[in-house]
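So the structure is just underneath, and the comments pick up after that.
Values quoted throughout were computed directly from the atomic coordinates according to the rules given, and no laboratory measurement underlies them. What you see is a predicted model; the values in this text were computed from it and never measured. Reconstructed Cβ throughout: ideal geometry from the backbone, glycine too, with neighbour counts over all protein chains shown.
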Amino acid sequence: MQPKLLDFQPAFEAALPPDWVLIGRCRAGEVRGAAPGTVGGGCFVLAHAEIGVALVDLLPMRTPQAEAHLRRLLNAVDFSAQCRGYLPVIQCEVTPQELGSLHARIEDAFTYDQVLTIADRGRWVGVLRRILQASVTWEALDGLLPEPGPDRRAWRPRMLPPAARVLRAGMVGCGVLGIFGLGFVTALLMPQEPVAALPSPGTGFGVVAEAARVVEEPGPLEVATPALPEPRTVALAEPRPVILAEPRPVALAEPVPLPAPGALPPETPPVAVAATARHPVRVPLPIDRRCSDAVFRFQQGASLTAQEMAHVRQGCASLR
């Protein structure tokens, strides 16, 4: 049978300062790697009004993902509406023999988490205990919570001394400068390979010229001069005498008399106009109903006779 929550309160009060308060425990835990009959404590909920919540697994009892279970419970009851701000939650494991070092482990765990931002520091612990008490998978410790004293100082995470922080920043800066300098020196010392010039794309005669350069130029060709025929003597014909024709008399046309003023112009004879040739008009052929019906039935998949099939293949020329 699992021990009661109240039985572990003296052990946590002796291991932790008075500011840490035991307010509850998670019921969903399991014992792993222990002898049969061994009973563990469970996952205890410790609260600090200025720091946050610490979930402590007292081995051999373990509660996997206890922080996620607590966050889910707080979201279900809308804890942020009652206590606005961020609530840091950490989880650690200790054995009953290591309870003396529990305070140091909690401080180390909160160093990597954010700072508590809830403004009402004296109220959120009581609200959290009432939420655990109303839950099924969690249980809360009854009793009055200690009131915060007037001289309580706000907790701050442990920070490195200024000299150590300056040393760490200097080492980081030297590492960055060393990497940059190594890359710069490597780029300067590496030999640069010559870049081959890409041939410019050409078209037309340029391509032919580039192709002709690759082929070895042949030696000078010996051109044989053809033998010219000997000039021949051409005998000139004797000049013929030019005989001029006798001039012929030209008969002049008689002048046409002008019509008298007021007289009608003479009638012109009718001119015969040649009849223009007319192109014969082509009369459209009549529609062959039998051919169109045969073609329609053939398109619909019906069977045709041999004669109709022959006419359809010939374009119904014989039916016309």
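Computed values, structure above
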item	result
Stretch gain in nm, segment T95-R27, where the contour uses 0.36 nm per residue and the Cα spacing is subtracted	22.6 nm
Global form of the range 43-112, assessed from the alpha-carbon gyration tensor, a/c cut-off 1.5	oblate
Sequence ranges 165-174, 125-134, ranked by mean other-Cβ count within 10 angstrom, highest first	125-134, 165-174
Spin-label model distance (nm) - K4 vs R71, 7 Å beyond Cα toward Cβ	3.5
Length released on extending from T137 to Q114, taking residue separation times 0.36 nm less the Cα-Cα span	5.6 nm
Residue-span extension gain [E107 to V185] - 0.36 nm each, minus C-alpha spacing	23.5 nm
Protection-proxy order for peptides 297-305, 60-68, each taking the mean of Cβ atoms within 10 Å per residue, highest first	60-68, 297-305
